[in-house]
Amino acid sequence: MRDLIKANAGLLFAGVATFVAMGIGQSIYGPALPAFTRAFGVTLAEAGLVLSAHWVGCFLGVAIMFAVGRGVTPRHALALMTLGSAGIATMAGWWMVLASALVFGAGYGMATSVLNPRVLVAFGARGPSMLSFLNATFGIGAIAAPLVFVALGSDPQLGFGITAAFCAATWAGAGRTGTAAATATIGTRPFRPHLPILAFGAVAIGLEACLGGLGPTALIAAGLSEASAARHLSAFFVVFLIARLVLTFTAHRIPSFGLYTAAMLMALICALGAVLVSPAVFFVAAGAPAGLFFPGFYVTASRKMGDDPRVPPTIIAAGLVGGIFSPLAIAPAMAALGPLGFFWIMLGLTALTSLLALLSLRSMAR
C-alpha cells in the first residue's frame, strides 16, 4: 500500500486539495441562502435556484468530460471553480450569482469525473477504500466553511472570496496527477448503461444535495437561528467525514450495493427521528448516511457498467440529475408542509427508496 501511495502521490495531493475546495464551496450555499434573499429581494424558493444552478453546472462539466474527458486535468476544473466562486463573491446581481454558481458547478463536476475513476483504478483492490478516503476529504472543507462563514458575519462576499482564493491556491499547487492512473482509465470492457443503479444514484445524490443545501433553511423553519443552523450544518459534515473515514478502512470488505441499502435505511431512521424527536439532532446524524451514499452507488455502478471512459461521466451525470431537480421540487414544497415539511419529504423519499433497494439487493449483487 505504501508503494501505491508513493507511486500516486501527485494524484492524491491534487485529489485531496481539490475535494477540500469542493467542500468549502458547496457547504456555503446553504448558510448563504438567507443572505441572498435579503441582498437581492428574492424569495426562499428563488434563492434555492442557486443550488440548482450549481448542479446544472456540474452536469455541464460532466458532459464536457463525456466528450473530451481524456484531455481534462484537475487544473482545468480548478480554474472554473476559481472563476465561479469569485463571480459569486462580487454580488454584482442575482443573475451574476446564478451564472457564477453554474461556472463553479461545472468545475466541480469536471473534478469529480477526473479524480474519482483515476483513484479507483490506480489503487487496484484498495480502490473502493481510497475512493472513500478521497471523498472524505470533501468533509474537511465542508465542516470548516459554515463556521468561518458565520464568524465573518454571514457575508457571501467574504465567504465566496475566501473560496476563490483557496481554489486558486489549489490550482497553483496541483501538478501531475499520475500518468499511470490516467492511462489506466482507458477502458477494455464495453459501455453498457444500467438504468436501475443510475436511478438509485439520482435519488441518493439528490438527498445529499438537499441535506447540505436546504438543511439549514429547514432547521431555521423548525425554530433554530441562522447561526445555530450553520453550526448544525458543520456538525452534519463532521459526522459525514467520520462515516467516510471509517469507510476508508472497510469499503473493500463490504458489498457496495449492500452499503447503499444500509445507508438509505439509516437515512430513513434519521428522517423519522427528525419528525418525531428532534430535527436538529437527527439532521446532524443524517451526515452518516449522506457520507455513505456516493461510494456505495459509484462502486456498484462502475462494476455493473464496465470501464469504458464514458462510464464515470455517465455515473456522475445520473447523480447530478438528482442534485439538479431535487432542490427545485423540494424547496417550494417545504413551506406548504409546515415547519417540519423538509423532514416529512425526506421520510417519504427514504422509505420508498429503502424498500426498492431491499428488493434489488440480489440483482445488484450480480
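The values are calculated or read from the model by the stated rules, or taken from the named source; none is laboratory data. These figures come from a predicted structure and were not determined experimentally. Backbone-built Cβ (ideal geometry, glycine too); neighbour counts: all protein chains shown. The protein model used for the area step is the full one, side chains on, heavy atoms only, and it has no ligands, DNA or RNA in it. Shrake-Rupley method; radii C 1.70, N 1.55, O 1.52, S 1.80 Å.
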- Task: Using all C-alpha to C-alpha distances in region 77-176, build P(r) with 5 Å bins and read off the rounded percent in each one.
- Result: 3, 13, 17, 22, 19, 12, 7, 4, 2, 0
- Task: Sticking to Cα atoms, compute the Rg of region 277-325 to one decimal and its Dmax as the biggest Cα-Cα distance, whole number, in Å.
- Result: 14.4, 47
- Message: Probe radius 1.4 Å, ligands and nucleic acids ignored: give me the carbon and sulfur share of the accessible area of region 1-178 as a rounded percent.
- Response: 71
- Item | Pairwise FRET efficiency - ALA336 versus GLN157, Cβ, R0 = 45 Å, nearest 0.05 | 0.85
- Dipole magnitude (debye, nearest 20) for region 1-178, charges at Cβ of Lys, Arg, Asp, Glu: 560
- Message: Taking the Cα centre as origin and putting +1 on Lys and Arg beta-carbons and -1 on Asp and Glu beta-carbons, what dipole magnitude results for the chain, to the nearest 20 debye?
- Response: 1120
- Between ALA351 and THR250, what FRET efficiency follows from the Cβ-Cβ distance if R0 is 22 Å, with the result rounded to 0.05? 0.25
- With -39,500 (n - 2.57) per DSSP H segment of 4 or more residues and division by the full residue count of the chain, the 222 nm estimate, nearest 500 deg cm²/dmol, is -28500 deg cm²/dmol
- Query: GLU226: accessible area at probe 1.4 Å, nearest 10 Å²?
  - Reply: 70
- Note on the structure: Share of accessible surface on carbon and sulfur in region 200-301, whole %, 1.4 Å probe and ligands ignored, is 77
- Query: Could you list, bin by bin from short to long, the percent of Cα-Cα pairs of region 188-365 in 5 Å steps?
  - Reply: 1, 9, 17, 21, 20, 14, 9, 5, 2, 1, 0
- Task: May I ask you to give the solvent-accessible area per residue for region 1-178, in square angstrom, as obtained with a 1.4 angstrom probe?
- Result: 36
- Query: Given region 62-117, what whole percent of its Cα pairs are spread farther than 19 Å?
  - Reply: 28
- Quick one: Debye curve from the alpha-carbon atoms of the chain only, equal weights, vacuum; give me log10 I(q)/I(0) at q = 0.07, 0.08, 0.14 Å⁻¹ to two decimals. -0.26, -0.34, -1.12
- Task: Over the chain, calculate the relative contact order: mean separation of alpha carbon pairs under 8 Å at least 6 apart, over the residue count, as a percent.
- Result: 25
- Query: Taking a spot 7 Å from the Cα of ARG310 along the direction of its beta carbon, which residues of region 61-94 have an amide N less than 15 Å from it?
  - Reply: 63-70
- Expected sort for 354-365, 234-245 on mean C-beta neighbours within 10 Å, highest first, is 234-245, 354-365
- Would you mind putting 277-285, 147-155 in packing order, based on average other-beta-carbon counts within 10 Å, highest first? 277-285, 147-155
- Mind checking the per residue accessible area of region 211-274 for me, 1.4 Å probe, whole number of Å²? 36
- Task: Rounded to whole Å and sorted largest first, list the principal axis extents of the Cα atoms in region 1-178.
- Result: 54, 36, 26
- Note on the structure: The local net charge around THR37, scoring Lys/Arg +1 and Asp/Glu -1 for residues other than THR37 whose Cβ lies under 14 Å from its Cβ, equals -1
- Report the extension gain between ALA365 and MET96 in nm, rounded to one decimal, defined as 0.36 nm multiplied by the number of residues separating them, less their alpha carbon distance. 92.3 nm
